[in-house]
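What follows draws every value from the coordinates through simple rules; no lab data is involved. Only a predicted model underlies this, so the values are computations on that prediction, with no experimental measurement involved. When we count neighbours, we look across all protein chains shown, and the Cβ atoms used for this are built from the backbone with ideal geometry, even at glycine.
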Amino acid sequence: MTSSVGVDGSRPELSVVIPVYNEAEILESSVAQLVADLEGVAQDFEVILAENGSSDDTVALGAAISRGEPRVQMFSHPAPNYGGALREGIMRARGRFVVCEEIDLCDSDFHRRAVALLRDDVAELVVGSKAMKGANDSRPVFRRLATRVYNGVLRLTLGFKGTDTHGLKAFQRDRLLAVVDSCLVEHDVFASELVIRAQRVNHRVLEIPVQIEEKRAPSVGLVRRVPKVLRNLGQLMVAIHATPERRSDERRPVAAKPPEDDA
Ligand SMILES: Nc1nc2c(ncn2[C@@H]2O[C@H](COP(=O)(O)OP(=O)(O)O)[C@@H](O)[C@H]2O)c(=O)[nH]1
Ligand SMILES: [Mg+2]
């Protein structure tokens with residue numbers, strides 16, 4: 001893996017983390033377009049391709065892309081795990097701000113708006129919502145419905161306050177790192193766990209509407225995904241109630257000083 005810290009020890013302003021899985025068809029063109037767009041978004045940036053489980057040419061293509069473009073790097077693991085990839089990518093990220101992306105979206109309009117909000121410290125976590133007023137979601141109706149049902153369940157069972165958790169996100173890395181670290185479930189529900197835990201410790205979370213236009217249909221269909229998501233959701237309910245989250249700026253209690261013996 002190429003280090004994202006410059007020779008002078010400097011860090012990029014922005015890290016874009018993208019989980020990738022069997023994306024050989026759109027990887028090269030999407031990353032090239034993304035890198036070109038990011039030039040207009042941040043002073044300096046890195047793109048982290050968080051790959052696991054691919055059986056097509058994604059790994060070889062990603063390696064070739066990162067050899068030709070030092071601002072792009074990739075890591076790989078054998079077993080598919082969307083949330084695990086995202087979590088590790090965030091941990092490896094060096095940027096002051098982190099954007100969590102999807103290779104079939106790469107929404108530069110979201111990057112621009114979210115980074116401006118983070119720079120102005122209007123929010124610590126910006127969530128791109130496909131379901132709030134002003135959003136435009138061109139996915140098939142059953143997937144739009146699934147988004148609404150899934151987030152309704154999160155509101156009813158886990159006290160989620162909002163309309164969407166999956167998908168585009170941007171945050172101030174140092175502020176959110178402890179929350180990322182407290183997330184346990186990974187897989188499909190990692191993104192939900194991150195947003196819900198951030199709200200539970202009163203981070204400033206802001207939803208903004210996004211325009212969703214996917215470059216291709218998902219590789220794993222909705223019907224095949226539902227049983228796994230339900231299982232992960234059960235784990236998430238247990239995890240959130242059983243293990244508390246932390247804030248990065250939380251002070252540990254200081255042990256009381258024993259009274260001075262002035263005898
Ligand atoms: N590393 C990793 N990435 C994944 C996995 N499943 C999906 N992704 C990536 O997550 C992003 C969104 O996946 P997509 O198939 O479009 O599902 P959607 O979010 O329901 O639209 C894409 O960048 C995928 O390549 C996985 O198991 N591992
Ligand atoms: Mg998609």
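Observations on the structure shown:
- Proximal charge balance of residue 217 [Cβ under 11 Å; K/R count +1, D/E count -1]: +2
- In this structure, the amide hydrogen of residue 129, modeled 1.01 Å from its nitrogen in the peptide plane, lies closer than 5 angstrom to those of 208, 210, counting only residues at least 5 positions away or on a different chain.
- 21 Å Cα-Cα threshold exceeded, pairs from 169/215; 130/215; 130/169; 133/215: 133/215
- Straightening the chain between residue 43 and residue 28 buys 3.1 nm, computed as 0.36 nm per residue apart minus the Cα-Cα spacing.
- Size of electric dipole in the chain: Cβ of Lys, Arg +1 and of Asp, Glu -1, about Cα centre, debye, nearest 20: 1020
- For segment 159-168, Karplus couplings with θ = phi - 60° (6.51, -1.76, 1.60), whole Hz, Gly/Pro x: x, 4, 10, x, 10, 7, 10, 8, x, 6
- Neighbourhood net charge (13 Å Cβ-Cβ; Lys/Arg +1, Asp/Glu -1) for residue 28: -3
- Anchor residue 161: aspartates and glutamates whose Cα lies under 18 Å away (excluding residues fewer than 8 positions away in-chain): 124, 193, 207, 245
- Most positive-pole-ward Cα, 64, 24, 194, against dipole of the chain from beta carbon charges: 194
- Computed over the chain: relative contact order in percent, which uses C-alpha pairs under 8 Å that are six or more apart: 20
- Working note: 222 nm ellipticity from helices only, DSSP H runs with n ≥ 4, each -39,500 (n - 2.57), summed and divided by the residues of the chain, gives -13500 deg cm²/dmol to the nearest 500.
- Our coupling estimate for segment 90-98, obtained by passing each phi through the Karplus curve with A = 6.51, B = -1.76, C = 1.60 and θ = phi - 60°, is 5, 5, 6, 4, 10, x, 5, 10, 10 Hz, Gly and Pro reported as x.
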